[in-house]
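The values are calculated or read from the model by the stated rules, or taken from the named source; none is laboratory data. From a predicted model like this one, the values you see are computed outputs, not experimental measurements. Here the Cβ positions follow ideal geometry from the backbone for every residue, glycine too, while neighbour counts run over all protein chains shown. Ligands, DNA and RNA are excluded from the accessible area calculation, which covers all protein heavy atoms including side chains. Shrake-Rupley method; radii C 1.70, N 1.55, O 1.52, S 1.80 Å.
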Amino acid sequence: MRPKSHHMSSSFKASLEYAQEQDQTDILFPFRERFLFPQHNGRDVHYFCGNSLGLQPKSVSYLMQQELDDWAKYGVEGHFEARNPWFSYHHLFSERLAKIVGAGKDEVVATNTLTVNLHLLMISFYRPEGARYKIIMEAGAFPSDMYAVETQVRMYGYEPENAIIEIKPREGAHIIEEADILEAIEQHGNTVALVMFGGVNYYTGQFFDLKKITEAAHRVGAYAGYDLAHAVGNIPLQLHDWNVDFACWCSYKYLNSGPGGVGGVYVHEHHCNNPKIFRLGGWWGNDEKTRFKMEKGFIPQKNAGSWQMSNAPVFNMVAHNASLDIFEKAGMKALREKSERMTAYLEYLLKQITHLSFEIITPTEPHRRGAQLSMLFGDKGREVFNALTENGVVADWREPNVIRIAPVPLYNTFEDCYKFYEILTGIK
Ligand SMILES: Cc1ncc(COP(=O)(O)O)c(C=O)c1O
């Protein structure tokens, strides 16, 4: 554990005054103004659900209107004449996304949606052959990931019970030990085709050491790929330097790009450039120079763009554009600094509560978590959750008995955290 968290918590105070002081000196505080908050009794709710659906940037409606106007004005010519030409719309995102995930701009593309991208990337990177056919993943992965992996192994004629190795927490624990992941990879050795993990587990909020897992996968000759739904825009990543083979994410959580918003793909440049890496074809993944020649023969682009299928879904990308501008201005470094501190503050406050029976199952160490705390209730969880909702808190409930709360550094405040604590204190 890094000493920093102890250092932080020793100065914390459970008072409104203290929380407001933190907000006054927070350089990111003004960013809150850029978002629209749902209302409760005429006031902004305490929104702790940015890990599920991020809030709407105020600039979205203006930017959406711009696309509607350009469509009205130009019709089909908008592909080239629109202020942001639709023909190349996806190029708007690469540089900004690359900074968020720690990659080169040719290694990322905003395209499709998360589960679709996971399948497309597994088509490229899960190529079971002979003795090498297993996929190692975390137990308790998000259901969509489980279904994707299950059906991929079935597609090649394997039984999931045999081909999928799930790494579980140890008896009585909630968090998966990193050592157990590395050991399993080594133990299954050259039978492993792919190691596929969620960067941050959606239920516990545990952030995995992607660099170490990638190294271990490569040592046994397997690929390493990640679903970064809960990590992107939450925790700074270095996908390229960590040698990660592929990753995908959604944009509607920390990236605030709206329900079902466009997904993202990362593929390491040495795979992008490798024609032997098989990819399913569609015209938007084809070499841009020959795309309109309408000829036979798919020539994939030599970048992550080759995992695109269809022309850019512009209306589904407008909010992404608005949100990535905000990320560009705030910067992942400042966001992470605030996030570590604010999550630690919320944790400190929750630890003062003794009259409700719950346990925080998210790791305590800042480097093993992002902006989420998962409260596991023995009983009364659902009642507590309902009482929170009645008091203007938006949190989320995950079966069987967890309340997840995410203090998001772009728009949550220390005061939000204090209010959450105060409301919890009042729940009997
Ligand atoms: C880890 C993870 N995987 C997959 C999904 C499903 O994503 P989509 O419906 O965008 O494909 C989610 C959605 O919350 C998720 O958190």
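Using just the alpha carbons, could you tell me how many Å³ per residue the convex hull of the range 228-349 encloses?
Details: hull volume 15.7 nm³, N = 122.
In the range 228-349, the Cα convex hull volume per residue is 129 Å³.
Hey, can you grab everything whose amide H is under 5 Å from the amide H of Thr113? Only 5+ residues off in sequence or another chain; H modelled, so Pro and N-termini drop out.
Gly263
In whole Hz and in residue order, list the ³J(HN,Hα) couplings for the range 111-122 that follow from phi through the Karplus curve 6.51 cos²θ - 1.76 cosθ + 1.60, θ = phi - 60°; x for Gly and Pro.
6, 6, 9, 4, 5, 4, 5, 4, 4, 4, 6, 6
With a Förster radius of 41 Å, plug the Cβ-Cβ distance of Tyr147 and His367 into 1/(1 + (r/R0)^6) and report the FRET value to the nearest 0.05.
Efficiency, rounded to the nearest 0.05: 0.85.
Could you work out the local net charge near Phe207, counting Lys and Arg as +1, Asp and Glu as -1, over the other residues with Cβ closer than 10 Å to its Cβ? Please report the intermediate quantities before stating the final value.
Working: positive: Arg368, Arg369; negative: Asp209, Glu365.
Once all neighbours under 10 Å are counted, the net charge is 0.
Going down the list Lys73/Lys253; Lys212/Lys289; Lys168/Lys211; Lys58/Lys338, which pairs span over 31 Å between their C-alpha atoms?
Lys73/Lys253; Lys212/Lys289
Assuming R0 = 45 Å, can you tell me the calculated FRET efficiency for the pair Glu295 and Ala387, based on Cβ-Cβ distance, to the nearest 0.05?
E between Glu295 and Ala387, to the nearest 0.05, is 0.10.
Suppose every K and R has +1 on its Cβ and every D and E has -1 on its Cβ; what is the size of the dipole of the chain about the Cα centre, in Debye to the nearest 20?
460 debye
Gln66 to Tyr156: extension gain in nm, 0.36 nm per residue of separation minus the Cα-Cα distance?
On the way: separation 90, 0.36 × 90 = 32.40 nm, distance 4.62 nm.
Value of the extension gain: 27.8 nm.
All other residues with a Cβ under 12 Å from the Cβ of Ile176 taken together, and with Lys, Arg as +1 and Asp, Glu as -1, what is their net charge?
-4
Between Gln206 and residues 5 or more places away or on another chain, which pairs have amide H atoms under 5 Å apart, with H built 1.01 Å from N, and which residues are they?
Hits under the 5 Å cutoff: Asn201.
Sort Arg43, Arg96, Arg170 by accessible area with a 1.4 Å probe, largest first.
Greatest to least solvent exposure: Arg43, Arg170, Arg96.
Would you kindly derive the ³J(HN,Hα) couplings of the range 369-381 from the backbone phi angles with the Karplus curve 6.51 cos²θ - 1.76 cosθ + 1.60 (θ = phi - 60°), listing them in order in whole Hz, with x for Gly and Pro?
So the J values, rounded to whole Hz, are 8, x, 8, 9, 10, 10, 9, 9, 9, x, 9, 6, x.
Give a residue-ordered list of calculated ³J(HN,Hα) values for the range 401-413 (Karplus: 6.51 cos²θ - 1.76 cosθ + 1.60, θ = phi - 60°; whole Hz; x for Gly, Pro).
Using θ = phi - 60°, the values come out as 7, 10, 9, 9, 10, 10, x, 8, x, 5, 9, 8, 10 Hz.
State in Å² the accessible area per residue of the range 205-295; use a 1.4 Å probe, count heavy atoms of protein chains only, and round to the nearest integer.
Averaged over the residues of the range 205-295, the accessible area is 37 Å².
Using helices alone, I'd like the mean residue ellipticity at 222 nm for the chain: each DSSP H run of four-plus residues gives -39500 (n - 2.57), total over residue count, nearest 500.
Mean residue ellipticity, 222 nm, calculated: -11000 deg cm²/dmol.
Any chance you could look up the accessible area of Val394 with a 1.4 Å probe, heavy atoms only, rounded to 10 Å²?
Roughly 40 Å² of Val394 is accessible to a 1.4 Å probe.
Under a 1.4 angstrom probe, counting protein chains only, how are His91, His79, His268 ranked by accessible area, largest first?
My answer, sorted largest first, is His91, His79, His268.
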